[in-house]
Amino acid sequence: MKIFVPPIKSQGIKTKLVEWIKSNAEQVDYDRWVEPFMGTGVVAFNVRPKRALLCDSNPHIIKFYNSLKSKEITSKIVKKYLIKEGEQLLASEGKHYYEIRNRFNENGSSLDFLFLSRSCFNGMMRFNKKGGYNVPFCKKPNRFAQALVTKITNQVENISQIIEKGDFEFKNLDFKETLKNIDSKDLVYCDPPYIGRHVDYFDSWSEEEEIFLRDGLIDANAKFILSTWLSNKYRTNDYIFSVWKEYSISTKEHFYHVGGKESNRNAVYEALLSNVKLNDSISNKVMQSRINTNQSQLTSNQNKTTLPEQLSLKL
Ligand SMILES: C[S@@+](CC[C@H](N)C(=O)[O-])C[C@H]1O[C@@H](n2cnc3c(N)ncnc32)[C@H](O)[C@@H]1O
């Protein structure tokens, strides 16, 4: 499957899991695809639903995609902009990054948002307590060399075409508001932040919010698929067995090479929880008993799946 990668980057991007999520979503009958936490949008842009409501509490993400939708930003405009600002970045030996960051924090330009997303440290999206973008520069003054400009321009073109061909609505909403707009004909894909993982102006998450999300999905009687993690070498995500205990679970394994060393090969189990039957899903209770008795946490039949993808964890 060809994956369309969006031009905006973020640490929680689900590019590696899109195929898995899509193959599960295809089994479900629904009228509209809803994402209360769209992030980069990579899931929706690859699932390609006929109708979608995509929301996020981060206004910059929503503004960017609405600008693609209205064609205020096109691939041609992006190319011209990146060539110009990229030349200034190189000439200033990287100092221009901080000028753009200041400018973005004053006027919130979507083109500047794209520039920062593609030239910041590790493609992170972080905002300080006042809502200001605060990620440092990746320290590559020649960042916007021709090959990357072409790549980003193509990504903007592909996603613009997907938006044009579909019926996508982008809204800057807190998930509590999005929950008020869903009903039983929707399939709601939820990818909330991980509890306690980090605190960011647009992106923090608590147990109360996780419970509010579950209750909102129940009240709306909507079908849902929720992305989360099940376990890594050190910990198990106990919220799966408390907040989400009624729902079936499907898992997929990833391997991370810590510090790039083959010997430090750590597995992490990604999970999809749902109130509809997913491919290879098992009940929550069965998974809990597997964990308690040290059995496999993998629900998929490995013979049917491709080998786990190799991810390298940048420390
Ligand atoms: C894990 S990311 C989603 C990643 C996305 N699935 C992707 O592949 O790019 C979580 C997203 O939730 C958003 N978010 C955090 N708190 C929120 C809230 N209270 N309401 C709505 N969105 C929120 C963040 O801005 C972030 O974009």
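Please arrange Tyr133, Tyr189, Tyr98 by how many other C-beta atoms lie within 10 Å of their C-beta, fewest to most.
Least to most surrounded, the residues fall as Tyr98, Tyr133, Tyr189.
If you filter segment 122-220 for trypsin sites (Lys or Arg not before Pro), then keep DSSP loop positions with at most 15 other Cβ within 10 Å, what is left?
Lys129, Lys130, Lys139, Lys185, Arg197
Of all DSSP beta bridges in the chain, what percent run antiparallel (nearest 5)?
If I count the DSSP bridges inside the chain, around 50 percent turn out antiparallel.
For the chain, what's the relative contact order in percent, using C-alpha pairs closer than 8 Å and at least 6 residues apart?
It rounds to 18 percent for the chain.
Is there a pair in Lys129/Lys233; Lys95/Lys151; Lys2/Lys139; Lys50/Lys171; Lys80/Lys139 whose C-alpha atoms are over 25 Å apart, and which pairs would that be?
Lys129/Lys233; Lys2/Lys139
Lysines near Lys245 by alpha-carbon distance under 20 Å, same-chain residues fewer than 8 away left out - which ones?
Lys223, Lys277, Lys285
Using a 7 Å offset from the Cα along the Cα-to-Cβ direction at both Gln161 and Lys130, what is the distance between the two label points in nm, to one decimal?
In this crude label model, Gln161 to Lys130 measures out at 4.3 nm.
Report the charge-dipole magnitude of segment 101-143 in Debye, nearest 20, computed about the Cα centre from +1 at each Lys and Arg Cβ and -1 at each Asp and Glu Cβ.
That gives segment 101-143 a dipole magnitude of about 180 debye.
Where the only charges are on Cβ atoms (+1 Lys, Arg; -1 Asp, Glu), what is the dipole of the chain about its Cα centre, to the nearest 20 debye?
Charge dipole, the chain, about its Cα centre: 1060 debye, nearest 20.
As a test of the formula, what do you get for the chain when each DSSP H run with n ≥ 4 contributes -39,500 (n - 2.57) and the sum is divided by the residue count, at 222 nm and rounded to the nearest 500 deg cm²/dmol?
-11000 deg cm²/dmol
Do any trypsin sites (Lys or Arg not before Pro) in segment 11-81 lie in a DSSP loop with no more than 14 other beta carbon atoms within 10 Å, and if so, which?
Lys50, Lys71
So if I take the centroid of the Cα atoms in segment 272-288 and the same for segment 143-186, what is the distance between those two points in Å?
29
Which residue, Phe115, Phe241, Thr228, has the largest displacement toward the positive end of the dipole of the chain when charges sit on each Cβ (Lys, Arg +1; Asp, Glu -1)?
Phe115
With a/c under 1.5 counting as rounded, go ahead and sort segment 70-160 into rounded, prolate or oblate using the C-alpha gyration tensor (a ≥ b ≥ c being the square roots of the eigenvalues; past the cut-off, prolate if a/b is larger than b/c, else oblate).
The shape class here is oblate.
Size of the dipole of segment 70-160 about the Cα centre, Lys and Arg at +1 and Asp and Glu at -1 on the beta carbon, nothing else charged, in debye to 20?
For this selection, approximately 180 debye.
None of the figures in this text is laboratory data; all of them are computed from the coordinates on show. All values reported here derive from a predicted model rather than from experimental measurement. Counting neighbours? That spans all protein chains shown, and the Cβs are built from the backbone with ideal geometry, glycine included.
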